[in-house]
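Any read-out appearing in this document is the output of simple, stated calculations on the displayed coordinates, not a laboratory observation. Remember, it's a predicted structure, so these values are computed and weren't measured experimentally. When we count neighbours, we look across all protein chains shown, and the Cβ atoms used for this are built from the backbone with ideal geometry, even at glycine.
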Amino acid sequence: MANLECNFAGIKSPNPFWLASGPPANTAYQVINAFKAGWGGAVWKTLGVPIVNVSSRYGAMSYKNEKIAGFNNIELITDRSLEDNLKDMKEVKEKFPNHALIASMMFEKKEEWHDCIKKCEDIGVDGFELNYGCPHGMCERGMGSAVGQNPDVCEKITSWVMEVAKKPVIVKLTPNITDITKAGLAAQRGGANAVSLINTINSVTGIDLDTMEPNPKVAGLSSHGGYCGPAVKPIALNMIAELTNHPDFHLPISGIGGIETWRDAAEHILMGASTVQVCTAVMHYGFKIVQDMTEGLSNYLDSQKMKSVLELSGITAKKLRKWEDLDLNYKIIASIDEEKCIGCQLCYIACEDGAHQAIALLKNSRVPKIKEDHCVGCNLCSLVCPVESCISMINVTTNKQKLIWKEHPKNPINIAIGTSLKR
Amino acid sequence: MKTSIKEIKETKNNFAKIKPLLTDNEAHIEAARCLFCHDAPCITACPTSIDIPLFIRQIMTQNTTGAAKTIFSQNILGKSCGNVCPTEILCEGACVYNNLNEKPIDIGRLQAYATEHAIKNDIRFFQKGKSTGKKIAVIGGGPAGLSCAHKLTESGHEVTVFEASENAGGLNTYGVAPYKFSNEDAKEEIEYISKIGFKIKTNNKITKDDLPKLEKDYDAIFIGVGLGNTKPLKIEGENLKGVTGATEFIYNLRKNNQKIKIGKEVVVIGGGNTAIDAAVESAKLGAKVTIIYRRTEHEQGAYYFEIELAKQNGVQFKYLISPKTINGKGSVESITCTNNKLMPSKNGNKANIEEIKRSEFTIPCNMVIIAAGQEKQIDFLKSIKDLKLDNGKITVNKTFQTTNPKYFAGGDAINGGKEVVNAVANGRDAARAIDKYLMQEAR
Ligand SMILES: Cc1cc2nc3c(=O)[nH]c(=O)nc-3n(C[C@H](O)[C@H](O)[C@H](O)COP(=O)(O)OP(=O)(O)OC[C@H]3O[C@@H](n4cnc5c(N)ncnc54)[C@H](O)[C@@H]3O)c2cc1C
Ligand SMILES: Cc1cc2nc3c(=O)[nH]c(=O)nc-3n(C[C@H](O)[C@H](O)[C@H](O)COP(=O)(O)O)c2cc1C
Ligand code: SF4
Ligand code: SF4
Ligand code: SF4
């Protein structure tokens, strides 16, 4: 059995599954239940100067029968007093000394940061997470993603924290930025021990077409909120990989964004995370989901003959390259398994109207036929096919050597060189 | 033997819809499952070719009004069809989900959901067309006649429907099982359809004597008279009290809103869907019901899902049995039957049966329902000049025109008894042909 124990930048936990800072990690009652259910750590709901919340606070993007394909919130940081939070955190730490308890925080002034860090260390937290990432409410006050979006400020505040913090410091990055590596490198320069990403994305989940009010509604109005849940995983995977692949970036990464199952977690880890954090999925299904997460990940590591999460970490990031490094001579075409095909012809109409007119219909059969000489291997048909592994993309041997864009004759640069040579 | 006739009050629950109206939530969830197939096989399987993926998508986007329009533009009786079609062998039977061994889309109920929305809210999509000055008579206000009348009115013709019964609707009103389609359903649907502006004259049976005037007054005539009474078995005791034909029994049941008397022990003779309906209805009224059929379950004409429904309602099936005499003094007390054995079939048709000698036995009962098929309306049809019949069915060409060019026909009267949806399709297509026939020069 693979060992799921982690040492993340010096923070130890029995497994890599942590509650992300948010409503599930708001009280001792919840976090104790979470640890009992099997979570390895919790990043406490962000501490700060207590705020006031609105109702309602959450919106969802539903897709067909999926009620929560994406989720968003216009909630702020903790609405409880620092004293109450510290008391609760202390209780958790006493009951679960071997689980990771991380204090998330967000302040404006240097003294406030320092004061809170000391108080948290006094009650025995294992580390800190600096929240530079809430896209709503807090940044209007000069905090949250307003900080995360400005690398210099991010670096500065990190360095303030590092002046006093004895426990490891994680900087939580906002995705509301063009180049995530700028923010990650700033945190590294500021002296952070690790980063976590992604926080939520600026969003409006939808509009009530009867009242024309945006969601979530607050007395007829709304505000842009932070997007999270299953829909954001692809964005998180890319950003994590960008950091992993940056030659100058060396900090451990805690992956966040759209994690609901061990499979999602494994993907975050393959892109370079070494722990993961979950918020929306717990808000949706409760703490119990961790049971399958730990077991599933452990079985997966076993199946890969790996002993720890670290062995898995970053493998796939190496396979994510610039487009110009891809082999232009690699060719695949679609192939339909006639036995499995149910005859819906979705592949046909998708290719016919939306791609390359490379699928034909036959007179006496509902099973379409791939026109192999027209198929460009784009994948569209296999993506729309409702039947598992019915359309597969088959490798065609071209006998041609690997050819990348840099060397391709159609590349304008090469044309320029070619013509200049001729001259 | 003396058994009393038990009076059963209709308990609402017994005749509750077996496929109740979907709630909004149910409809949206089901609609979202539809794959939106290209050239969808469900459309091909629908005799009226409703664009099923489109109307289901419209339900999904909560454009329910648009969904109803999609349905009604192909099938103006979309509500009854959604409720009564044997969808298992039509649209739903063709749904690609069957190939995945998954539950097909609940097309019939989605169709009922969308059409109910339009009918309840009186949202109408079709108007009477610009007057053509042509007059058309429709004989029979069943599904075929109503569908034809609606389409003709849309084209601007002046249409009068002559209906023998006190209510229009044909077997939708007096035939199909009330747990599929209720009297209120039928009434509301007919009111909704006829608002386009055709006349319905009820209690107006057309006889041989009316024909000359009809032919004089109208430019074309559509025959949608359906079938006739139950075929008699021609056995002894058939006239006893308590012996009835299935269609007559069901007519009575529907007419009286299920408040009819039923025998304590009922024997139903026959193997088709009508036999099943009569048996299930009797069971729902409280009777102990046995169906006897002369062949085996493999030759039975009834759909498997109807047989299943009967079994769920406690109906007993006895196979390879033929009725010989119905016995009783004044009213029926028992039925004498013989056992049959199956002989290999020669012509590839249904297997032959042979009576087993000296196998007579008697089943006690106080009601016998005969469901051995319906007669054709031969006498009336023969009185129409030049009208060719084939085995009692009116012969028509591709455009539903009969051998007398002024007459067109559709529904059970031409196909010998199929489904409501076939009658609707015929009526609609015949209307298009009549329009063409009358307007050859004008259009
Ligand atoms: C018991 C039973 C159950 C059925 N269940 C189903 C079911 O669940 N689903 C399904 O799809 N189909 C079912 N069917 C079949 C379906 O009802 C018929 O196929 C359909 O009604 C045929 O329509 P039609 O218009 O051709 O004839 P009909 O519905 O029979 O209508 C003919 C109309 O013409 C009238 N008429 C007849 N002669 C004259 C005349 N001389 N002058 C004026 N009016 C006249 C009649 O009164 C009647 O109203 C069932 C049939 C029966 C008998
Ligand atoms: C209701 C809600 C409140 C949140 N509050 C905080 C917070 O106080 N501090 C913080 O750093 N992140 C907060 N987050 C962001 C989550 O920690 C997490 O980064 C984000 O939801 C993406 O992960 P997920 O897809 O698993 O939800 C909040 C998220 C939600 C849904
Ligand atoms: S999408 Fe898949 S199941 Fe549908 S027709 Fe194409 S190959 Fe067959
Ligand atoms: S009319 Fe009948 S067969 Fe056609 S789609 Fe509707 S329910 Fe199905
Ligand atoms: S066959 Fe089934 S899934 Fe496909 S369009 Fe028709 S109802 Fe929808």
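Write out the GluC sites (Glu not before Pro) in the range B:109-218 meeting two conditions: DSSP loop, and at most 14 other Cβ atoms within 10 Å of their Cβ.
Numbers: sites: B:E116, B:E154, B:E158, B:E163, B:E166, B:E184, B:E188, B:E189, B:E191, B:E215; in loops: B:E163, B:E166.
Passing both the DSSP loop test and the Cβ count: B:E166.
In whole Hz, what ³J(HN,Hα) sequence does the range A:210-219 give by Karplus (6.51, -1.76, 1.60; θ = phi - 60°), x for Gly and Pro?
Coupling constants for the range A:210-219: 7, 9, 6, 8, x, 9, x, 7, 10, 6 Hz.
Is chain A best put as rounded, prolate or oblate by its Cα gyration tensor, with a ≥ b ≥ c the root eigenvalues, rounded for a/c under 1.5, and otherwise prolate when a/b is larger than b/c, oblate when not?
Working: a/c = 1.85, a/b = 1.64, b/c = 1.13.
Judged from the Cα gyration tensor, chain A comes out prolate (a/c at least 1.5, a/b above b/c).
Taking the Cα-to-Cβ direction at B:N252 and at A:N53 and moving 7 Å from each Cα, how far apart do the two end points lie in nm?
Going by the 7 Å Cα→Cβ label model, 6.9 nm.
Nearest 0.05, what FRET efficiency do A:E372 and A:M1 give at R0 = 60 Å with Cβ-Cβ as r?
Working: r = 46 Å, r/R0 = 0.77.
Taking R0 as 60 Å, the efficiency between A:E372 and A:M1 is 0.80.
What does the helix-only formula give at 222 nm for chain A: each DSSP H stretch with n ≥ 4 adding -39500 (n - 2.57), the total divided by the residues, and the result rounded to the nearest 500 deg cm²/dmol? Walk me through the numbers before you get to the answer.
Numbers: 14 runs with 136 residues, N = 423.
After summing the helix terms and dividing by the residues of chain A, the value is -9500 deg cm²/dmol.
Report the charge-dipole magnitude of the range B:35-134 in Debye, nearest 20, computed about the Cα centre from +1 at each Lys and Arg Cβ and -1 at each Asp and Glu Cβ.
Details: 10 positive and 8 negative charges, 129 e Å.
Dipole about the Cα centre, nearest 20: 620 debye.
Quick one: which residues, 5+ away or cross-chain, put their amide H under 5 Å from the amide H of B:T325? H built at 1.01 Å from N.
When sequence neighbours closer than 5 places are left aside, the close amide H contacts are B:T336.
Under the Karplus relation 6.51 cos²θ - 1.76 cosθ + 1.60, θ = phi - 60°, what is the ordered set of whole-Hz ³J(HN,Hα) values for the range A:90-103, x standing for Gly and Pro?
Listing the rounded values in order: 4, 4, 4, 4, 5, 6, 10, x, 9, 8, 7, 10, 10, 8 Hz.
What residues from the range B:316-356 fall in the zone where the backbone N is under 18 Å from a label point 7 Å along the Cα-to-C-beta line of B:T296?
B:317-322, B:339-356
Within the range B:243-370, how many Lys pairs sit with Cα atoms under 17 Å apart, leaving out pairs fewer than 8 places apart on the same chain?
Step by step, the pairs that qualify in the range B:243-370 add up to 14.
Of the residues A:T178, A:T158, A:T294, which exhibits the maximal mean-square fluctuation in a Gaussian network model of chain A defined by a 10 Å Cα contact cut-off?
Maximum among the listed residues: A:T178.
Explain nothing, just the number: relative contact order of the range A:324-395, from Cα pairs under 8 Å at least 6 residues apart, as a whole percent. Don't skip to the answer; put the middle values down first.
Numbers: 118 pairs, mean separation 31.2, N = 72.
Relative CO of the range A:324-395 lands at 43 percent.
Which lysines does A:K322 reach when only Cα atoms under 17 Å apart count, and residues fewer than 8 places away in its own chain are ignored?
Within the straight-line cut-off, A:K322 pairs with A:K402, A:K406.
So the label point goes 7 Å from the Cα of B:I89 along Cα→C-beta, right? Which residues of the range B:374-392 then have their backbone N under 17 Å from it?
What the label zone holds, given the 17 Å backbone N cut-off, is B:374.
Under 1.5 on a/c is rounded, so check that first for the range A:196-307, then, if it is not, pick prolate when a/b is larger than b/c and oblate when it is not; a ≥ b ≥ c are the square roots of the alpha carbon gyration tensor eigenvalues. Numbers along the way, then the final one.
On the way: a/c = 3.38, a/b = 1.72, b/c = 1.96.
Verdict is oblate for the range A:196-307.
Given A:S392, B:S49, A:G220, which one lies farthest toward the positive end of the charge dipole of the protein assembly as shown, if we put +1 on the Cβ of every Lys and Arg and -1 on the Cβ of every Asp and Glu?
B:S49
Counting pairs of alpha carbon atoms under 8 Å apart in space and at least six apart in sequence, what relative contact order in percent does chain B give? Working shown, then result.
Values: 936 pairs, mean separation 77.9, N = 443.
The normalised contact order for chain B reaches 18 percent.
Enter the angle in degrees (range 0 to 90, nearest 10) between the Cα long axis of helix A:180-189 and the first principal axis of the Cα atoms of chain A, meaning the one along which they spread out most.
It works out to around 40 degrees.
Grab the DSSP H runs of chain B that are 4 residues or longer, score each as -39,500 (n - 2.57), total them, divide by all residues and round the 222 nm result to the nearest 500 deg cm²/dmol.
Numbers: 17 runs with 153 residues, N = 443.
Computed ellipticity for chain B at 222 nm equals -9500 deg cm²/dmol.
For B:G169, enumerate residues with amide H under 5 Å from its amide H, sequence gap 5+ or separate chain, H modeled in the peptide plane.
Excluding prolines and chain starts, which carry no amide H, the hits are B:G141, B:G142.
Please give the Cα centre distance for the range B:144-181 versus the range B:322-371, rounded to the nearest Å.
Taking the Cα centre of the range B:322-371 as reference, the centre of the range B:144-181 is 37 Å away.
Can you give me the angle between helix A:110-122 and the longest principal axis of chain A, using Cα atoms only, in degrees from 0 to 90, rounded to the nearest 10?
Tilt of helix A:110-122: around 80 degrees.
For a Förster distance of 60 Å, can you work out the FRET efficiency between the beta-carbons of A:H408 and B:T395, rounded to the nearest 0.05?
Working: r = 71 Å, r/R0 = 1.19.
Calculated transfer efficiency: 0.25.
Give me a comma-separated list of calculated 3J(HN,Hα) values for the range A:220-225, in order, Karplus coefficients 6.51, -1.76, 1.60 applied at θ = phi - 60°, integers in Hz, x for any Gly or Pro.
In residue order, the calculated couplings are x, 10, 8, 9, 4, x Hz.
Which trypsin sites (Lys or Arg not before Pro) does the range B:199-244 hold that lie in a coil by DSSP with at most 15 other beta carbons within 10 Å? Working shown, then result.
Details: sites: B:K199, B:K201, B:K205, B:K208, B:K213, B:K216, B:K234, B:K241; in loops: B:K205, B:K234.
Here the trypsin sites (Lys or Arg not before Pro) that fit, given the DSSP loop and packing criteria, are B:K205, B:K234.
Would you please give the FRET efficiency between A:K95 and A:R321, computed as 1/(1 + (r/R0)^6) with r the Cβ-Cβ distance and R0 = 60 Å, to the nearest 0.05?
Values: r = 47 Å, r/R0 = 0.78.
E between A:K95 and A:R321, to the nearest 0.05, is 0.80.
Considering only DSSP states other than H, G, I, E and B, which GluC sites (Glu not before Pro) in the range A:269-340 qualify as loop sites with at most 15 other Cβ atoms within 10 Å? List each step's numbers first, then the result.
Values: sites: A:E295, A:E311, A:E324, A:E338, A:E339; in loops: A:E338, A:E339.
Counting only loop positions with at most 15 other Cβ atoms within 10 Å, the GluC sites (Glu not before Pro) in the range A:269-340 are A:E338, A:E339.
Whose amide H sits under 5 Å from the amide H of B:R295, counting only residues 5 or more places off or on another chain, with H placed in the peptide plane?
Here the answer is B:L320, B:I321, since their amide H atoms fall under 5 Å of that of B:R295.
Is the C-alpha gyration tensor of the range B:220-347 telling us rounded, prolate or oblate? Criteria: a/c under 1.5 is rounded; beyond that, a/b larger than b/c is prolate, otherwise oblate. Please list the in-between numbers first.
Numbers: a/c = 1.28, a/b = 1.09, b/c = 1.17.
Judged from the Cα gyration tensor, the range B:220-347 comes out rounded (a/c under 1.5).
Rank these for me by crowding, B:L438, A:L237, A:L326, going from fewest to most other beta carbons within 10 Å.
Working: B:L438 20, A:L237 24, A:L326 12.
Fewest-to-most Cβ neighbours within 10 Å comes out as A:L326, B:L438, A:L237.
Setting aside same-chain residues fewer than 8 positions from A:K340, which aspartates and glutamates have a Cα under 17 Å from its Cα?
Answer for A:K340, where 17 Å is the Cα cut-off: A:E388, B:E102, listed by chain and number.
Take the residue pairs B:K130/B:K195; B:K135/B:K195; A:K369/B:K103; B:K195/B:K376; B:K187/B:K376; A:K182/A:K307 and return only those whose Cα atoms are more than 22 Å apart.
Values: B:K130/B:K195 16 Å; B:K135/B:K195 18 Å; A:K369/B:K103 27 Å; B:K195/B:K376 31 Å; B:K187/B:K376 26 Å; A:K182/A:K307 33 Å.
Among B:K130/B:K195; B:K135/B:K195; A:K369/B:K103; B:K195/B:K376; B:K187/B:K376; A:K182/A:K307, the Cα-Cα distance tops 22 Å for A:K369/B:K103; B:K195/B:K376; B:K187/B:K376; A:K182/A:K307.
Among B:T61, B:N366, A:L237, whose Cα lies farthest out toward the positive end of the dipole of the protein assembly as shown, if unit charges sit on the beta carbon of Lys, Arg (+1) and Asp, Glu (-1)?
B:N366
Most mobile of A:K318, A:K402, A:K371 per a Gaussian network model of chain A (Cα springs, under 10 Å)?
In the Gaussian network model the winner is A:K371.
Which residue fluctuates most in the GNM of chain B (Cα springs below 10 Å): B:M367, B:M60, B:M343?
B:M343
With charges only on Cβ, +1 for K and R and -1 for D and E, what is the dipole size of chain B about its Cα centre, in debye, rounded to 20? Before the final figure, lay out each step's value.
Details: 61 positive and 50 negative charges, 162 e Å.
The calculation lands at about 780 debye.
Would you mind calculating the relative contact order of the range A:6-319 from Cα pairs under 8 angstrom and at least 6 residues apart, reporting the percent as a whole number?
Details: 722 pairs, mean separation 58.2, N = 314.
Relative CO of the range A:6-319 lands at 19 percent.
Using the charge dipole of the range B:247-377 (Lys, Arg: +1 at Cβ; Asp, Glu: -1 at Cβ; taken about the Cα centre), state which of B:V332, B:Q300, B:S282 has its Cα farthest towards the positive end.
B:V332
Taking 32 Å as the cut-off for C-alpha to C-alpha distance, list the pairs among B:K199/B:K385; A:K363/B:K398; B:K199/B:K393; A:K118/A:K319; A:K90/A:K110 that go past it. Mind dumping the intermediate values first?
Numbers: B:K199/B:K385 26 Å; A:K363/B:K398 24 Å; B:K199/B:K393 27 Å; A:K118/A:K319 42 Å; A:K90/A:K110 24 Å.
Cα-Cα > 32 Å for A:K118/A:K319; rest within.
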